[in-house]
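The values are calculated or read from the model by the stated rules, or taken from the named source; none is laboratory data. Just so you know, these numbers come straight off a predicted model, no measurement behind them. Positions of Cβ are generated from backbone atoms using ideal geometry, with glycine treated the same way; all protein chains shown enter the neighbour counts. SASA here: full protein model, heavy atoms, side chains in, ligands and nucleic acids out. Shrake-Rupley method; radii C 1.70, N 1.55, O 1.52, S 1.80 Å.
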Amino acid sequence: MKLIIAIVQDDDSGDLVETLMESGFRVTKLATTGGFLKAGNTTLMIGVEEEKVDQVISQIEEICKTRQQIVSTPSPVAGSTGVYVPYPVEVEVGGATIFVVDVDKFVKI
Ligand code: 2BA
């Protein structure tokens, strides 16, 4: 058995959970926060048999879109003044970041 951990954007998470559930997968959805943007994202945990891993990844790929996001970064206005003002930087946030982890033991009680 494998555990797929997929970090996706909030906007895609509803459709993705629905699609995975319709295909018969079991999903746990966690509200998470990205370390870099410090913005909300969604982490899905999907436990599947090894032969289903590629199907799950294809469904994630179909639904999750790459988007541009603006992040404010502090920057010195003038070197000697020590004054910092935020300036916007555009970063590309991927459709999904996916980890596939081996599960040594799976127990449901
Ligand atoms: P964040 O950490 O908020 O990162 C959002 C986006 O900012 C990243 O998109 C990337 O394009 C950019 N970024 C991140 N760190 C950067 C840095 N040090 N310098 C410049 N740009 C940087 P993605 O790579 O698609 O990642 C989306 C989210 O997936 C991340 O949100 C984080 O929550 C998670 N993630 C990505 N890689 C991860 C990893 N190796 N381990 C754990 N979580 C990861």
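Worth a mention:
- Filtered residue count, the stretch 5-51, keeping only those that are polar (S, T, N, Q), buried (at least 17 other Cβ atoms within 10 Å of the Cβ) and free of Cβ contacts under 8 Å to residues at least 24 places away in the same chain: 0
- Neighbours by Cβ (under 7 Å, 6+ apart or cross-chain): first from the stretch 91-102, of a type in the set (D, E, K, R); second open to solvent by less than 40 Å² (accessible area, probe 1.4 Å) and more than 6 Å from the ligand (Cβ to nearest atom): Asp102/Lys2
- Checked against (1) within 30 Å of Met1 (Cβ to Cβ); (2) more than 10 Å from the ligand (Cβ to nearest atom); (3) in contact (Cβ under 8 Å) with a residue 12 or more places away in the chain, Ser58 passes all but condition (3).
- Residue in the stretch 12-19 that is within 15 Å of the ligand (Cβ to nearest atom), assigned to a strand (DSSP E or B) and aliphatic (A, V, I, L, M) present: no
- Residues within the stretch 63-90 that are part of a loop (DSSP other than H, G, I, E, B), modelled with pLDDT of 85 or more and over 18 Å from Gly34 (Cβ atoms), tallied: 0
- Checking Ala96 against (1) surrounded by 15 or more Cβ atoms within 10 Å (Cβ to Cβ); (2) within 16 Å of the ligand (Cβ to nearest atom); (3) more than 13 Å from the chain's Cα centre (by Cα), the condition it does not meet: (3)
- With respect to the stated conditions, Lys2 fails to be open to solvent by 30 Å² or more (accessible area, probe 1.4 Å), within 15 Å of the ligand (Cβ to nearest atom), under 25 Å from Asp102 (Cβ atoms) and of a type in the set (Lys, Arg).
- Test: residue in the stretch 36-45 that is touching a helix residue (DSSP H, G or I) at 6+ places or on another chain (Cβ under 7 Å) and more than 16 Å from the ligand (Cβ to nearest atom): no
- Here Ile60 meets the list (1) touching a Leu at 6+ places or on another chain (Cβ under 9 Å); (2) at positive phi almost entirely, failing just condition (2).
- Looking across Lys105, Lys65, one residue alone is more than 16 Å from the ligand (Cβ to nearest atom), of a type outside the set (S, T, N, Q) and open to solvent by 100 Å² or more (accessible area, probe 1.4 Å). It is Lys105.
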